[in-house]
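This report concerns only the one structure given below.
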Amino acid sequence: MNVSVLRVRTVAARGVRLALLVAILLSLAPALPVRAQEAAGATATPAVEVPPSLIELLEQAPKVPRAIVGEDGFAPDAAAAAAGLPDRTQYAVIDYTVEGNIVNATVQLPASQATFIASGQPDTNFGGLAQLNLGWDQSGPQAMRTLLQYDLSPLPSNVQINSAAFFINQTLINPPGDGQSMDFRAQLMQQNWNAGSVTWNNANFLGGTAFPLGSIPPAIGWISGPATDVVRAWDSGTPNRGLLITGDETPTLGRWRRFNGRQISALAPFLEVNYTGNCDTAPPVATMNALPTFSPQEFRVFWSAFDPAQPGCPASGVAWYNVRFRVNGGGWVNWRNQTSTDNFGFRREAPNGSTVEFQVQAADNAGNLGAWSPSVSTRIDSEPPVATVNPLPQFTFLPNFTVTWSGSDNLSGIASYTLQMSRNDGDWFDLIADTTATSFQVTGAQFGDKLEFRVRAVDNVGNVQPWSPNAQAVTTIFSYSVALVLPFNPPIIQSNAPVTNVIPVQWVGFFAPGTTIVRFDLSYRYTDLNGATTSWTAVALPTPLTTSIDFDYAALGHGDGLYEFFVQATNNLNQTQPFNPSMGTGGSVILDLADQIQPAAYLPIIHSSIPD
């Protein structure tokens, strides 16, 4: 048999050498800086073990010449020239070319198993014979079918199968002189089998999808025919369990053929496959950017990937990512599929305190899919912190004083506070914003100012406490001593009250440090049932420091109506509390001995005072 000389054709060899030089220079250059990102810092380019490129794999593989098949479809001298022929029982490269990153290769894929079964000997295994029979032998075997399985594992992933052909070496034609081709079909085997144990009874019924592969010419030597469809099926994921091949089984014709099995390596069956692929065989290495310990209910997740270059083959570049997550160790959920973006906002209704993990994998433009990255995790902090102003005295006697506050957070901790104040029921305004302090010195307060305070907190993931609609602490500024009429209980005196002939009035005094109260002055005002109101009138007290009296309204000629009282304090510096009943330090009570007022309910009276 004429044997062709192996040719390895490299198109644009200068370009390949240049690409190799660039790849080497890139491998020596420092890693490019990674773009700053909003999440925790981006990770550095990982060190990876780069697999050989497709060019390297083809260069390192054994080389064999193409099987010589004549114009009539066979090589009549193959059997005679068996000695010294290449090994057809191993994977080998027949030919390849390179254009840029694209490799076109023709390779030899050996038959990994080969035998035949016979209906006339249904329990006999023929795996030990160095021959494959096909057709109908009237002498005893009857229907004979060939089983072949090819090793496609050397085929790189992500290549395009352009064409495939089977090669089998025919050694005998029966009946002698049969000048007709024998049609045959091949069926995909539906279960695994073993050439050393397969028989007609345990394998003949396992044939599935059929591929009409053609016909076998009546000639001795190498026979070739198309096998593109079946190889593409296997390459695209159809289980490769081999083929069950059926020829002409017409009993009256007695036609059968014999082929070499795998025992003679130079004449063993094989496939010749031509494919096109990218020389890049190294999958990208994907990395999730680190996440903070705690994150809010909604946050952004970043990832990246590094696609390594290979000697003689520049990296094809990252094409897309798959990203997945899981909550509290549950099942992984596909989140972003085949996305080209390197970040996305995450929002799920995960309970407060939940741990969320993320993983990413990347594919490059050559179709290589990398492994899932190590996971990164964060805990969801979805609850805002709680902060409040500590209580203040009802009256503050110094224009400068300190407001303090405190707060707590369930997970990430408090990042800052903002303190607001309202003066005399006016609008709220910031005293201090975005501070970590827990106290503030108030200065410049004026006599009589009513100052209200509230505080809110923000935690370390950005959860913001809502503002309280009401003041959390209140105080009124006084620079003099202050007297306060105690609330009346009940605020309506009716005929069934324990005391009805007088109105008990009580008051207390407050004074600044370093001073004392030396006198109280009580005044009253009366409004009768007709709406007539007297002017404010002083009430004589038994002593200057008296703090309660029984007000005898009848002696003053008054009856049912509204009684208002206001008391003033004078200190030892002769500073007297201004007469200003509207400031809220006075008190009032209704006298209703005729029981004309029917109260629905009495509200509780809450009173607090500052100790001396």
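Taking interchain pairs and intrachain pairs at least six residues apart, which have beta carbon atoms under 7 angstrom, with the first residue in the range 174-187 and within 17 Å of ASP137 (Cβ to Cβ) and the second part of a strand (DSSP E or B) and of a type in the set (Gly, Ala, Ser)?
Final answer for the pair search is MET182/GLY135; MET182/SER215; PHE184/SER215.
If you scan the range 338-350, which residues turn out to be part of a strand (DSSP E or B), at pLDDT 95 or above and surrounded by fewer than 17 Cβ atoms within 10 Å (Cβ to Cβ)?
GLN338, THR339, PHE344, GLY345 - these are the residues of the range 338-350 that are part of a strand (DSSP E or B), at pLDDT 95 or above and surrounded by fewer than 17 Cβ atoms within 10 Å (Cβ to Cβ).
Test GLU357 against the stated conditions and say whether it is in contact with a Lys or Arg (Cβ under 9 Å, 6 or more places away or on another chain), at pLDDT 95 or above and not assigned by TED's automatic domain parsing to the domain that holds ALA111.
Yes; evaluated as a whole, the condition is true for this residue.
Scan the range 378-393 residue by residue and report those that are surrounded by fewer than 16 Cβ atoms within 10 Å (Cβ to Cβ) and either polar (S, T, N, Q) or more than 30 Å from GLN472 (Cα to Cα) (or both).
ASN390
I'd like to check something: does the range 276-285 contain any residue that is charged (D, E, K, R) and surrounded by fewer than 24 Cβ atoms within 10 Å (Cβ to Cβ)?
no
Please work out if ALA186 is small (Gly, Ala, Ser) and touching a helix residue (DSSP H, G or I) at 6+ places or on another chain (Cβ under 9 Å).
Yes: the conditions hold for ALA186.
Yes/no per residue for (1) small (Gly, Ala, Ser); (2) more than 19 Å from TRP193 (Cα to Cα); (3) buried (at least 20 other Cβ atoms within 10 Å of the Cβ); (4) in the same structural domain as GLY312 (by TED's automatic domain parsing):
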| position | (1), (2), (3), (4) |
| --- | --- |
| THR97 | no, yes, no, no |
| ALA111 | yes, no, yes, no |
| TRP136 | no, yes, yes, no |
| GLY140 | yes, yes, no, no |
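Would the range 236-245 turn up any residue that is of a type outside the set (Val, Ile, Thr), within 33 Å of the chain's Cα centre (by Cα) and within 30 Å of ASN101 (Cα to Cα)?
Looking through the range 236-245, at least one residue is of a type outside the set (Val, Ile, Thr), within 33 Å of the chain's Cα centre (by Cα) and within 30 Å of ASN101 (Cα to Cα).
If GLU452 meets every condition in (1) buried (at least 20 other Cβ atoms within 10 Å of the Cβ); (2) in contact with a Leu (Cβ under 8 Å, 6 or more places away or on another chain); (3) modelled with pLDDT of 95 or more apart from one, which number is that one?
Unmet condition: (2).
Out of contact with any Cys (no Cβ under 6 Å at 6 or more places or on another chain), aliphatic (A, V, I, L, M) and assigned by TED's automatic domain parsing to the domain that holds TRP467: does that describe LEU398?
Judged against the criteria, LEU398 is a match.
Just to be sure before I move on: is THR238 among the hydroxyl-bearing types (Ser, Thr, Tyr), free of Cβ contacts under 8 Å to residues at least 60 places away in the same chain and in contact with a helix residue (DSSP H, G or I) (Cβ under 9 Å, 6 or more places away or on another chain) in the structure I sent?
Yes, satisfied.
Answer yes or no: is there a residue in the range 205-224 that is of a type in the set (Gly, Ala, Ser) and at pLDDT 95 or above.
The answer is no; no qualifying residue exists.
Tally up the residues in the range 436-448 that are under 22 Å from THR388 (Cβ atoms) and at pLDDT 90 or above, please.
Qualifying residue count for the region: 7.
Any chance the range 567-586 includes a residue that's more than 16 Å from PHE478 (Cα to Cα), surrounded by 14 or more Cβ atoms within 10 Å (Cβ to Cβ) and either at pLDDT 95 or above or not assigned by TED's automatic domain parsing to the domain that holds LEU398 (or both)?
no
What number of residues within the range 95-126 are in a loop (DSSP other than H, G, I, E, B) and at pLDDT 95 or above?
The total comes to 8.
Suppose the filter is crowded, with 18+ Cβ neighbours inside 10 Å and touching a Lys or Arg at 6+ places or on another chain (Cβ under 6 Å); does ASN125 pass it?
No, not satisfied.
Among residues belonging to the range 401-420 that are surrounded by fewer than 18 Cβ atoms within 10 Å (Cβ to Cβ) and assigned to a loop (DSSP other than H, G, I, E, B), point out the one that is modelled with the highest pLDDT.
GLY413
Among the residues of the range 189-215, which ones are in contact with a strand residue (DSSP E or B) (Cβ under 7 Å, 6 or more places away or on another chain), under 15 Å from GLN113 (Cα atoms) and not in a strand (DSSP E or B)?
Scanning the range 189-215 gives TRP193, ALA195, VAL198, THR199, ALA203.
Quick grid of which residues meet (1) farther than 24 Å from ASN410 by Cα; (2) crowded, with 19+ Cβ neighbours inside 10 Å; (3) touching a Ser or Thr at 6+ places or on another chain (Cβ under 6 Å):
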{"position": "PHE294", "(1), (2), (3)": "no, yes, yes"}
{"position": "ARG300", "(1), (2), (3)": "no, no, no"}
{"position": "ASP307", "(1), (2), (3)": "yes, yes, no"}
{"position": "CYS313", "(1), (2), (3)": "yes, yes, yes"}
{"position": "ARG324", "(1), (2), (3)": "yes, no, no"}
{"position": "GLY353", "(1), (2), (3)": "no, no, no"}
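Can you find, within the range 555-566, the residue that is surrounded by the fewest Cβ atoms within 10 Å (Cβ to Cβ) among those that are touching a residue at least 40 places away in the same chain (Cβ under 8 Å) and more than 11 Å from ASP521 (Cα to Cα)?
The extreme case among them is GLU564.
Can you give me the number of residues within the range 421-468 that are under 23 Å from MET583 (Cβ atoms), β-branched (Val, Ile, Thr) and outside any loop (DSSP other than H, G, I, E, B)?
Going through the range 421-468 one residue at a time, the tally reaches 1.
Any idea which of (1) closer than 21 Å to THR396 by Cβ; (2) touching a Gly at 6+ places or on another chain (Cβ under 9 Å); (3) of a type in the set (A, V, I, L, M, F, W, C) is the one ALA473 doesn't satisfy?
(2)
With the range 351-400 as the region, which strands (runs of 3 or more DSSP E) entirely inside it contain at least 3 residues that are hydrophobic (A, V, I, L, M, F, W, C)?
Filter on the range 351-400 gives 355-364, 386-389.
Here are some conditions: (1) aliphatic (A, V, I, L, M); (2) under 24 Å from PRO154 (Cβ atoms); (3) outside any strand (DSSP E or B). ALA186 meets all but one. Which one does it not meet?
Going through (1) aliphatic (A, V, I, L, M); (2) under 24 Å from PRO154 (Cβ atoms); (3) outside any strand (DSSP E or B) one by one, ALA186 breaks only (3).
On the basis of being surrounded by fewer than 21 Cβ atoms within 10 Å (Cβ to Cβ), more than 27 Å from ASP409 (Cβ to Cβ), assigned by TED's automatic domain parsing to the domain that holds GLN113 and in contact with an Asp or Glu (Cβ under 9 Å, 6 or more places away or on another chain), does ALA319 make the cut?
no
The values are calculated or read from the model by the stated rules, or taken from the named source; none is laboratory data. Bear in mind that the values here come from a model prediction, so they are computed numbers and not experimental data. Reconstructed Cβ throughout: ideal geometry from the backbone, glycine too, with neighbour counts over all protein chains shown.
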